[in-house]
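J.: Pasting a structure below so you can have a look.
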Amino acid sequence: MNKNKWVWIIAGLMVVAGLVISNILSNQKEPMRRKPEAARQKSIPIITVQNKDIKIPIEMSGPLYAYDKVELFAEVSGILLNTTKHFKAGTPFKKGEVLIKIDDRVYKNNVLAQKSSLLNQLTLLLPDLSIDFPQSSQRWETYLKNMDLQEELKPLPEPVSDKERYYIASRNIYNQYYVIKGMETTLSKYTLRAPFAGVVSQSLINPGTLVRVGQKLGEFISTEVYEMEASVSLFDANRLEVAQPVNLTSEDVQGTFTGHIRRINRVLDPTSLTVKVYIHLQDPRLRDGMYMVARAEGMPVSGAVAVAKDLLVENSRLYAVEDSVLVLKPVRVVAERGDLAIVRGLADGTKILAEVWAEAREGMEIPQFSTSVQDSKGMPSSGLKSGGSQKNPSAGKE
């Protein structure tokens with residue numbers, strides 16, 4: 001009984017001693033203090049606007065077509081004959097070479113018959129002419145001797161007086177002459193010759209087939225001069241000039257090409273609100289139907305500044321800093337090139353945001369910011385590309 005009593009007493013003393021020691025130690029140890037979170041202030045990069053003349057290259061693209069291109073249609077009927085060169089796509093022809101030959105034997109005989117009739121009338125005219133108009137008989141006799149039925153009729157001798165003209169007209173000479181000249185014109189339509197050096201781009205007929213009046217025979221194009229049709233905005237069209245040099249490239253052909261602006265349409269396309277520009281170029285590597293990209297140096301845009309498109313608010317305003325407060329400034333976008341927008345409406349010295357800030361709100365106070373400047377071309381030197389731009393090391397750093 002006494003033994004158990006002493007066990008409980010010792011245990012109680014140990015508990016009391018532990019509490020006393022714990023209390024003493026807790027009073028000696030300083031309480032742990034949580035370090036306050038350091039306030040972070042973001043440094044906002046700022047651009048100081050300097051309006052300048054900005055050179056903006058104008059990029060255009062479009063298909064390439066042969067400048068000289070003709071569609072061939074039959075004006076007479078007959079059987080298509082074989083020629084030295086077959087009228088097939090890809091066949092080259094020199095200027096004046098026969099492209100298409102239609103059988104003209106029947107019609108040619110009719111022309112010869114009419115010429116023979118005229119020859120007979122002139123033969124009957126000479127005796128009477130030598131009596132009534134002796135001063136003109138020699139000229140008509142010379143014309144009759146030089147007349148060749150296989151060749152094209154030469155112009156008739158001019159009468160020396162109205163009386164002589166009426167005399168010849170009464171013999172039906174002029175009527176027969178002009179009938180034959182018309183028939184000679186029709187006869188020439190049986191043979192189609194190359195109007196220029198080029199190549200057949202389309203052939204729709206074969207030798208031995210019957211050709212009908214109005215039937216399309218094919219297409220013939222020149223391989224010397226090509227023309228590219230491109231569409232540009234009215235703003236860019238006003239910065240281009242006729243005869244201005246243009247550099248062109250194609251994904252299908254290596255190297256660059258040089259051309260010049262031949263025409264600028266004065267009419268605005270009502271559908272796309274663009275202006276057509278026509279560029280001429282010559283190169284043996286070119287092909288009809290190629291798609292090309294052209295680049296021209298347009299006249300510089302004066303009094304403007306280039307900014308990133310992402311900085312625009314509703315494409316018409318920019319955040320500026322006035323007395324460390326954000327304000328929205330109205331601007332006018334005059335051109336866009338890639339990720340850049342060329343704007344007007346900002347005064348020199350205006351400070352605008354250099355990069356997108358998601359938290360930006362009008363009226364927000366900007367406690368700390370860094371400043372960058374514009375380069376010589378009016379392009380921001382921080383974050384945007386420009387020929388000859390300088391990077392400001394302080395811009396964009398926190």
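The values are calculated or read from the model by the stated rules, or taken from the named source; none is laboratory data. Note that this is a predicted model, so its numbers are computed, not measured. Backbone-built Cβ (ideal geometry, glycine too); neighbour counts: all protein chains shown.
J.: Inside region 89-131, can you point out the residues that are of a type in the set (G, A, S), touching a strand residue (DSSP E or B) at 6+ places or on another chain (Cβ under 8 Å) and more than 20 Å from Y190 (Cα to Cα)?
T.: Result: A89, G90.
J.: Looking at R263 and the list (1) modelled with pLDDT of 95 or more; (2) of a type outside the set (G, A, S); (3) not in a strand (DSSP E or B), which single condition is not satisfied?
T.: Failing condition for R263: (3).
J.: Going by what's in this entry, would T256 be described as in contact with a strand residue (DSSP E or B) (Cβ under 7 Å, 6 or more places away or on another chain) and of a type in the set (V, I, T)?
T.: In short, yes.
J.: For D103, work out the one condition from (1) acidic (D, E); (2) exposed (fewer than 15 other Cβ atoms within 10 Å of the Cβ); (3) more than 39 Å from the chain's Cα centre (by Cα) it doesn't fulfil.
T.: (2)
J.: Condition first: touching an Asp or Glu at 6+ places or on another chain (Cβ under 9 Å) and among the hydrophobic types (A, V, I, L, M, F, W, C). Now tell me which residues in region 314-338 satisfy that.
T.: Residues satisfying the conditions are V325, L326, V327, L328, A335.
J.: Just to be sure I understand, how many residues within region 153-180 are over 55 Å from the mean Cα position of the chain (by Cα), outside any loop (DSSP other than H, G, I, E, B) and either surrounded by 17 or more Cβ atoms within 10 Å (Cβ to Cβ) or not basic (K, R) (or both)?
T.: Within region 153-180, residues that are over 55 Å from the mean Cα position of the chain (by Cα), outside any loop (DSSP other than H, G, I, E, B) and either surrounded by 17 or more Cβ atoms within 10 Å (Cβ to Cβ) or not basic (K, R) (or both) number 8.
J.: In this structure, does K115 turn out to be surrounded by 12 or more Cβ atoms within 10 Å (Cβ to Cβ), under 30 Å from T91 (Cβ atoms), touching a residue at least 24 places away in the same chain (Cβ under 8 Å) and not β-branched (V, I, T)?
T.: Considered against the rule, which asks whether it is surrounded by 12 or more Cβ atoms within 10 Å (Cβ to Cβ), under 30 Å from T91 (Cβ atoms), touching a residue at least 24 places away in the same chain (Cβ under 8 Å) and not β-branched (V, I, T), K115 comes out as no.
J.: Now for a separate question. Only one residue in R165, R193, R171 is in contact (Cβ under 8 Å) with a residue 24 or more places away in the chain, among the basic types (K, R) and either touching a Ser or Thr at 6+ places or on another chain (Cβ under 8 Å) or farther than 30 Å from G90 by Cβ (or both). Which one? Before the answer, list the steps.
T.: On the way: R165 fails: in contact (Cβ under 8 Å) with a residue 24 or more places away in the chain; R193 fails: either touching a Ser or Thr at 6+ places or on another chain (Cβ under 8 Å) or farther than 30 Å from G90 by Cβ (or both).
Sole residue among the options that is in contact (Cβ under 8 Å) with a residue 24 or more places away in the chain, among the basic types (K, R) and either touching a Ser or Thr at 6+ places or on another chain (Cβ under 8 Å) or farther than 30 Å from G90 by Cβ (or both): R171.
J.: Kindly indicate which of G18, G96 is modelled with pLDDT under 95 and surrounded by 10 or more Cβ atoms within 10 Å (Cβ to Cβ). Write out each step before concluding.
T.: On the way: G96 fails: modelled with pLDDT under 95.
Going through G18, G96 in turn, the sole match is G18.
J.: Now a separate question. What's the number of the only condition in (1) at pLDDT 90 or above; (2) out of contact with any strand residue (DSSP E or B) (no Cβ under 9 Å at 6 or more places or on another chain); (3) of a type outside the set (D, E, K, R) that A358 fails to meet?
T.: Here A358 meets the rest and fails (1).
J.: Next up: Just one of (1) in contact (Cβ under 8 Å) with a residue 40 or more places away in the chain; (2) touching a strand residue (DSSP E or B) at 6+ places or on another chain (Cβ under 7 Å) trips up D348, so point out which.
T.: (2)
J.: For residues in region 293-337 being under 30 Å from Q254 (Cβ atoms) and small (G, A, S), which is surrounded by the fewest Cβ atoms within 10 Å (Cβ to Cβ)?
T.: Here is the first cut: in region 293-337, the residues under 30 Å from Q254 (Cβ atoms) are 293-298, 336-337.
Add one more test, that the residue is small (G, A, S), and what stays is 294, 296, 298.
On the way: A294: 22, A296: 24, G298: 19.
So, considering only residues that are under 30 Å from Q254 (Cβ atoms) and small (G, A, S), the one surrounded by the fewest Cβ atoms within 10 Å (Cβ to Cβ) is G298.
J.: Between a residue in region 308-327 that is touching a residue at least 12 places away in the same chain (Cβ under 8 Å) and under 18 Å from G338 (Cα atoms) and any residue that is among the polar types (S, T, N, Q) and outside any helix (DSSP H, G or I), which pairs come within a Cβ distance under 9 Å, given they are 6 or more apart or on different chains?
T.: Note: pairs meeting the criteria are K309/N315.
Residue-by-condition table, conditions (1) in a strand (DSSP E or B); (2) within 30 Å of I221 (Cα to Cα); (3) within 23 Å of the chain's Cα centre (by Cα); (4) in the same structural domain as G255 (by TED's automatic domain parsing):
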| residue | (1), (2), (3), (4) |
| --- | --- |
| D288 | no, yes, yes, yes |
| V293 | yes, yes, yes, yes |
| L326 | yes, no, no, no |
| K329 | yes, no, no, no |
| A335 | yes, no, yes, no |
| D348 | no, no, no, no |
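J.: Find the residue count for region 220-249, including only residues that are surrounded by fewer than 19 Cβ atoms within 10 Å (Cβ to Cβ) and either touching a Ser or Thr at 6+ places or on another chain (Cβ under 9 Å) or part of a strand (DSSP E or B) (or both).
T.: Counting residues in region 220-249 that are surrounded by fewer than 19 Cβ atoms within 10 Å (Cβ to Cβ) and either touching a Ser or Thr at 6+ places or on another chain (Cβ under 9 Å) or part of a strand (DSSP E or B) (or both) gives 7.
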